[in-house]
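Before any comments, here is the structure.
Each value in this text was obtained by applying a stated rule to the coordinates, not by laboratory testing. In this text the structure is predicted, and so the values were computed from the model without any measurement. As a convention, Cβ positions derive from the backbone with ideal geometry for all residues, glycine included, and neighbour counts pool all protein chains shown.
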Amino acid sequence: MKAFTYQRAATPAAAAEAFVRTPGARFIAGGTNLLDLMKLEIDSPAHLIDVNGIGFDQIEATQEGGLRIGALVRNAHLAADARVRKDYGVLSRALLSGASGQLRNRATTAGNLLQRTRCAYFYDTNQPCNKRVPGSGCSAIGGVNRQHAVIGASGACIATHPSDMAVAMRLLDASVETMRADGARRVIPIADLYRQPGETPHLETVLQPGELITSVVLPRPLGGLHIYRKVRDRASYAFALVSVAAVIQPDGTGRAAVGGVAHKPWRVEAAEALMGRGATAMAAALLAGARPTEQNAFKVTLVERTLSAVLAAAKQGGA
Ligand SMILES: Cc1cc2nc3c(=O)[nH]c(=O)nc-3n(C[C@H](O)[C@H](O)[C@H](O)COP(=O)(O)OP(=O)(O)OC[C@H]3O[C@@H](n4cnc5c(N)ncnc54)[C@H](O)[C@@H]3O)c2cc1C
Ligand code: SF4
């Protein structure tokens, strides 16, 4: 690990200002992703700004009937919150399917959204990777890419976004509240937060350098049955090959978002109108234009089968 300096920030404004003052700075929250990247010298910040002391560690009701989740709320706390379990069960289930109890106790809401891909070549500094070193090439294309994206990828990068929580947040139409380095605040719908890889896979979100996430806001509860189904190579402590987050109403209408298939949580609202026609029609619309590799073509079938399992579970009234 390379040497770095460290400071604790007491307010979001202080954190944002410190970022502007110090070249090569990064925010650190739980550190469960960033510290690993630093140890492997994939990311080598010159300065760490610890945001654990800025507040924003509570879950509060909003005037609109939703919830405002502070950026520093731990994944374990969020999953266990009685309001989340009752009204946003899909979020609680997605969180509990991720990582381990120990990691969830440390990992934060903002850090989870901004965690980096798990592409093995991204983690191997001996291999070309456009996301790690722009312009160096993509080792996954033509390499081992069983875990990689089947849709929305580019000739520069076929990585997936690894977060389970982000899939549920996308399903629920969450918004991200931020503070920019100049103190300006903005609200970003999560549908607009993540970029497709295109020619610049190292730019993963629309956040500007030094833009701090302060909260994530959930709209009013949707009601209905909440299901999160994660398919992975082993039963726990593994990232999703494919996951489906769904909210299904008693009349059979609903929403579904898919994880493990793209550079961002994948949701196609037009596909949701086909829910009543079953998983095959819905999966075809969700993954229209998919370009899987030889190794990961199974994911296209897996999405359809996972959706099918989710719809069947909904008919039986359970997750
Ligand atoms: C072994 C292992 C297994 C895992 N399994 C899963 C899994 O199955 N599913 C899953 O979803 N996740 C999994 N994870 C990932 C884990 O959920 C993330 O590491 C964690 O959520 C990151 O949160 P953090 O607070 O520790 O982020 P950090 O490591 O502190 O930060 C991550 C990134 O977010 C930025 N950041 C943090 N806070 C802010 C802020 N407020 N504003 C702007 N930028 C910010 C940091 O600069 C950094 O770039 C796993 C991790 C490990 C190590
Ligand atoms: S898929 Fe993306 S992250 Fe993986 S090697 Fe290619 S450019 Fe890097």
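Summary table below
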{"item": "Lys/Arg +1, Asp/Glu -1 at C-beta; the chain dipole; positive extreme among 76, 1, 221", "result": "76"}
{"item": "Rounded, prolate or oblate (a/c below 1.5 giving rounded, otherwise prolate when a/b exceeds b/c) for the stretch 31-73 by Cα gyration tensor", "result": "prolate"}
{"item": "Packing-based order for 282-291, 233-242, using average beta carbon neighbours within 10 Å, highest first", "result": "282-291, 233-242"}
{"item": "Considering only the chain, percent of DSSP beta bridges that pair antiparallel, nearest 5", "result": "80"}
{"item": "Total charge dipole magnitude, the stretch 1-72, about the Cα centre, Cβ charges on Lys, Arg, Asp, Glu only, Debye to nearest 20", "result": "240"}
{"item": "Cβ-placed point charges (K, R +1; D, E -1), dipole of the chain about Cα centre in debye, nearest 20", "result": "580"}
{"item": "Computed label-point distance, nm, for sites residue 44 and residue 234 using a 7 Å Cα→Cβ extension", "result": "3.2"}
{"item": "DSSP bridge pairs, the stretch 1-129: antiparallel proportion in percent, nearest 5", "result": "35"}
{"item": "Among 201, 256, 12 the positive-end extreme of the charge dipole of the chain (Cβ point charges)", "result": "256"}
{"item": "In Hz, Karplus ³J(HN,Hα) per residue of the stretch 194-206 (6.51, -1.76, 1.60; θ = phi - 60°; x = Gly, Pro)", "result": "8, 8, 6, x, x, 8, 10, x, 6, 9, 9, 9, 8"}
{"item": "Cα gyration tensor shape of the chain, rounded if a/c is under 1.5, else prolate or oblate by comparing a/b with b/c", "result": "oblate"}
